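The values are calculated or read from the model by the stated rules, or taken from the named source; none is laboratory data. For clarity, every value in this text was computed on a predicted model and none was experimentally measured. Cβ coordinates were reconstructed from backbone atoms using ideal geometry, including for glycine residues, and neighbour counts include every protein chain displayed.
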Amino acid sequence: MKILIVKTSALGDIIHTFPVLSYLRKRFPDAQIDWVVETRCKELVQAHPQISRVLTIDSKKWRKAPLREWKGLRGCVYDLVFDLQGNIKSGAILAQTRAKKKIGFGWRSVSEWPNVLFTSKKINPPAGKNIREDYLAVVKGYFKDEEPFESEPVELRITEAQQALVESILSDAMLVCPGAAWPNKQLGCDQLLTYLKNLDKGPYLFAWGSEEERESALQLAGHFSDSSVLERYPLPVLQRIMAKSQLVIAMDSLPLHLCATTKTPTISFFGPSLAKKYAPIGDDHQTIQGECPYGVVFEKRCPKLRTCATGACLKRASQLQGYLDELESFGPSN
């Protein structure tokens, strides 16, 4: 059996798709399972132990060197291809892929409708489910499998030197990730500081992904005598650090979704995105959902996610304060 997964970006969305890989590997232990991904996301997918081969594409270079970009896709005939991206770009990838069956989202759930022109089997996930369940529903729907499936934690591959580095970092700390891709997804430093002081569960380690986030991490760490700021590590290394942490506190962000691949509990803050849709699944994951003061209602992400400069849904301290009492007794169970 040869299977191809098409999920090219972004990093957080790719992580949401990892349960599909676990499901397919459990169903077909000896299968060749390949993955098509944007070159910039290659490191993360390549580190997954259940992947057979990673095929990379650079969509920005398609017009300049199309034959070179498609060469790897045309080199293998697949039994099944699952397109979990659902847009025009992934449709173009399907068009270049030789496969007996090409499965993707249906008309009601596909991101960009022209994508359905390139799939031979179209499946609409049930409404109101978590994003991880949506991806699984497409794959399980093809096999007509209605049995529940719970993805196991995974250890991403790292080198021996990186493993030694992980072992040198403090165990059982609270890992705090204050950053997010969009500013209005981030809790303000003052609010997060108040929250951490009230939680009173250190020691804290602070992780960051940009210079701006590093400055925030340094500012926060300066308020705790037993805290420190980590270096910027590759994602597989950060995942291993998360796995040995007592708790991860994060926004709706890449670090949060990365931690969901481990056994470590999380506390997360959601504002212009819906926790029910994107938060990690399970009782060990607590979420704090802000509310839009302007009355905007959404099922996945706020339509003003990229344009609203206020971030008011996360700035309502009175809304967050009520959760401090709720989460006071929350602790890791691993």
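Couple of notes before you dig in:
- Close pairs from the stretch 251-265: first over 11 Å from residue 181 (Cβ atoms) and not assigned by TED's automatic domain parsing to the domain that holds residue 208, partner of a type in the set (Lys, Arg) and in a strand (DSSP E or B), Cβ under 6 Å, at least 6 apart: none
- Meets criteria (in contact with a Gly (Cβ under 6 Å, 6 or more places away or on another chain), acidic (Asp, Glu) and not assigned by TED's automatic domain parsing to the domain that holds residue 281) for residue 79: no
- Residue, surrounded by the fewest Cβ atoms within 10 Å (Cβ to Cβ), within the stretch 214-263, restricted to residues that are small (Gly, Ala, Ser) and within 19 Å of residue 167 (Cα to Cα): 228
- Tally of residues being closer than 29 Å to residue 104 by Cα, touching a strand residue (DSSP E or B) at 6+ places or on another chain (Cβ under 9 Å) and touching a residue at least 40 places away in the same chain (Cβ under 8 Å) across the stretch 141-179: 1
- Residue ID - modelled with the highest pLDDT, chosen from residues in the stretch 97-110 that are surrounded by fewer than 17 Cβ atoms within 10 Å (Cβ to Cβ) and under 14 Å from residue 6 (Cα atoms): 101
- Per-region count, the stretch 180-213, residues in a loop (DSSP other than H, G, I, E, B), touching a residue at least 40 places away in the same chain (Cβ under 8 Å) and either among the charged types (D, E, K, R) or loosely packed, with under 14 Cβ neighbours inside 10 Å (or both): 1
- Each residue in the stretch 111-140 was checked for being hydroxyl-bearing (Ser, Thr, Tyr), buried (at least 20 other Cβ atoms within 10 Å of the Cβ) and under 18 Å from the mean Cα position of the chain (by Cα), and 1 pass.
- Test: residue 158 is closer than 30 Å to residue 20 by Cα, among the hydrophobic types (A, V, I, L, M, F, W, C) and crowded, with 17+ Cβ neighbours inside 10 Å: yes
- Residue within the stretch 151-167 that is on the phi > 0 side of the Ramachandran plot and at pLDDT 95 or above present: no
- Scope the stretch 287-297; condition in a loop (DSSP other than H, G, I, E, B) and not aliphatic (A, V, I, L, M); matching residues: 290, 291, 292, 293, 294, 295
- Sole residue being over 18 Å from residue 193 (Cα atoms) and either in contact with a Phe, Trp or Tyr (Cβ under 7 Å, 6 or more places away or on another chain) or at pLDDT below 75 (or both), chosen from 272, 332, 280, 265: 332
Listed here are the residues, each with its yes/no results for (1) in a loop (DSSP other than H, G, I, E, B); (2) not hydrophobic (A, V, I, L, M, F, W, C).
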site: 215; (1), (2): no, yes
site: 226; (1), (2): yes, yes
site: 242; (1), (2): no, no
site: 269; (1), (2): no, no
site: 299; (1), (2): yes, yes
site: 303; (1), (2): yes, yes
site: 309; (1), (2): yes, no
